[in-house]
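Worksheet: the structure to be examined is printed underneath.
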Amino acid sequence: MTAEQQIPKIKLVRIAHVYYTHADLDKAREFLADFGFTVAEDRGDTVYYKGYGTEPFVYCATKGPENEFGGAGFVVESMADLELASKTLPKATPILDSDAPGGGKRVTFRDPVDDFPFHLVYGQTPIEKSAHLPELEYNFPESKHRAVNKTQRFEKAPAAVHKLGHVGCCVTNFAKAFEFYTTRFNLKPSDIIHEPNGRDVSTFLHLDRGMEQVDHHTWFFFEGPKYHVHHSSFEVHDFDIQSLGHQWLRDKGYDLVWGVGRHVLGSQIFDYWYDRSGFILEHYVDGDLVDETTPISRSEAGPDSLHIWGPPLPPTFLQ
């Protein structure tokens, strides 16, 4: 196919939400409340959760026979992008009306290698922010920003979720996945990770929005023997809120995966937890921003590339 004949890229604007099926929805409800979500709409066997940002929902939990990840949803730039997706992507649905909070139109297609669902939406109605958390002032050794007698006080509570930041998956053919998603969408690598022999096995992809500042990665994937979701990651306000959330989940008896620590690629402070169905969810703060001037970084895979401080890397983390 010549350059003139190439199919245009489908333009993604942001990652919006994820879908999970839980065999025990009651236990899932309990964890999701303790993780910091609020209910956007409860339909009994399907519950939509929101953060305090403008997305009408960021997480959909459905009761089903087994625990299963149902894919992530991305907002596209225009109706033309949905039309292109419906006509050209593998196993794509027609353009359908969305009955989820926010409404709009949607298309779902299937990954060409591992056959997992991938959702595209357009025309959702945003909601008003439900919280405006203060950006705290800090006193450093030689630079004091907080006024005399102005204290920092907090209450024990879950870490309120702001938005969905990224999703990570294990795919069975890295090269094919990389080619498909970087040629059919405006997804561009911030980082590519390779084995000692030079073979690429993992990538952190951001949305190529020109000079618009975007998160260091909105999706990442790595190669492994069997497709599965690795984790979904949700932004919280700051390190204090994240730490309060860590303490809340710990005191409730949930299973910690890894954290709190500071990543290298993306720089964010991370905190990973298992929900009651065995899925990993992450709270993060202070991630890097990139734009079209950001060079693509290449590095060799290894445990030292994952964090600069924090607890030791769990041996099962990248399985």
Test: LEU244 is in contact (Cβ under 8 Å) with a residue 24 or more places away in the chain, more than 24 Å from ASP111 (Cα to Cα) and in contact with a helix residue (DSSP H, G or I) (Cβ under 9 Å, 6 or more places away or on another chain): no
Every pair of residues 6+ apart whose Cβ atoms lie under 9 Å, when the first sits in segment 291-305 and is closer than 21 Å to LEU207 by Cβ while the second is of a type outside the set (D, E, K, R) and part of a loop (DSSP other than H, G, I, E, B): ASP291/GLY210; ASP291/MET211; ASP291/GLN213; GLU292/GLY210; GLU292/MET211; THR293/MET211; THR294/HIS216; SER297/LEU265
Test: residue in segment 152-164 that is part of a strand (DSSP E or B), free of Cβ contacts under 8 Å to residues at least 40 places away in the same chain and either loosely packed, with under 14 Cβ neighbours inside 10 Å or in contact with a helix residue (DSSP H, G or I) (Cβ under 8 Å, 6 or more places away or on another chain) (or both): no
Residue pairs meeting the criteria (Cβ under 6 Å; at least 6 apart or on separate chains; first within 14 Å of LEU25 (Cβ to Cβ), in segment 41-54; second open to solvent by 30 Å² or more (accessible area, probe 1.4 Å) and outside any strand (DSSP E or B)): none
Filter result (under 30 Å from ARG298 (Cβ atoms), small (Gly, Ala, Ser) and open to solvent by 30 Å² or more (accessible area, probe 1.4 Å)) within segment 247-272: SER267
Single residue of segment 7-37 satisfying the filter (surrounded by fewer than 19 Cβ atoms within 10 Å (Cβ to Cβ) and among the β-branched types (Val, Ile, Thr)) that is nearest to GLY104 (Cα to Cα): VAL13
Test: residue in segment 72-89 that is open to solvent by less than 30 Å² (accessible area, probe 1.4 Å), among the small types (Gly, Ala, Ser), farther than 14 Å from VAL161 by Cβ and within 19 Å of the chain's Cα centre (by Cα): yes
All positions within segment 168-191 that are within 21 Å of GLN319 (Cβ to Cβ), among the β-branched types (Val, Ile, Thr) and over 17 Å from the mean Cα position of the chain (by Cα): THR172
Single residue of segment 114-142 satisfying the filter (more than 23 Å from ARG14 (Cβ to Cβ) and more than 21 Å from the chain's Cα centre (by Cα)) that is surrounded by the most Cβ atoms within 10 Å (Cβ to Cβ): LEU136
Index of the failed condition, PRO295 passing every other in (1) buried (at least 22 other Cβ atoms within 10 Å of the Cβ); (2) more than 21 Å from PHE69 (Cβ to Cβ): (1)
Among (1) open to solvent by less than 80 Å² (accessible area, probe 1.4 Å); (2) in contact with a helix residue (DSSP H, G or I) (Cβ under 7 Å, 6 or more places away or on another chain) - the single one THR172 does not satisfy: (2)
Options GLY64, GLY102: the member that is farther than 27 Å from PHE185 by Cα and open to solvent by less than 30 Å² (accessible area, probe 1.4 Å): GLY64
Flag for ALA147 being in contact (Cβ under 8 Å) with a residue 12 or more places away in the chain and open to solvent by less than 80 Å² (accessible area, probe 1.4 Å): no
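Conditions tested, residue by residue: (1) out of contact with any Asp or Glu (no Cβ under 9 Å at 6 or more places or on another chain); (2) not charged (D, E, K, R).
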site	(1), (2)
GLY266	no, yes
ASP271	no, no
SER277	no, yes
VAL285	no, yes
GLU292	no, no
PRO311	yes, yes
THR316	yes, yes
GLN319	yes, yes
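The values are calculated or read from the model by the stated rules, or taken from the named source; none is laboratory data. What you are looking at is a predicted structure, and each value in this text was computed from that prediction instead of being measured. When we count neighbours, we look across all protein chains shown, and the Cβ atoms used for this are built from the backbone with ideal geometry, even at glycine. Please note that ligands, DNA and RNA were not included when accessible areas were found on the heavy atoms of the full protein model with its side chains. Shrake-Rupley method; radii C 1.70, N 1.55, O 1.52, S 1.80 Å.
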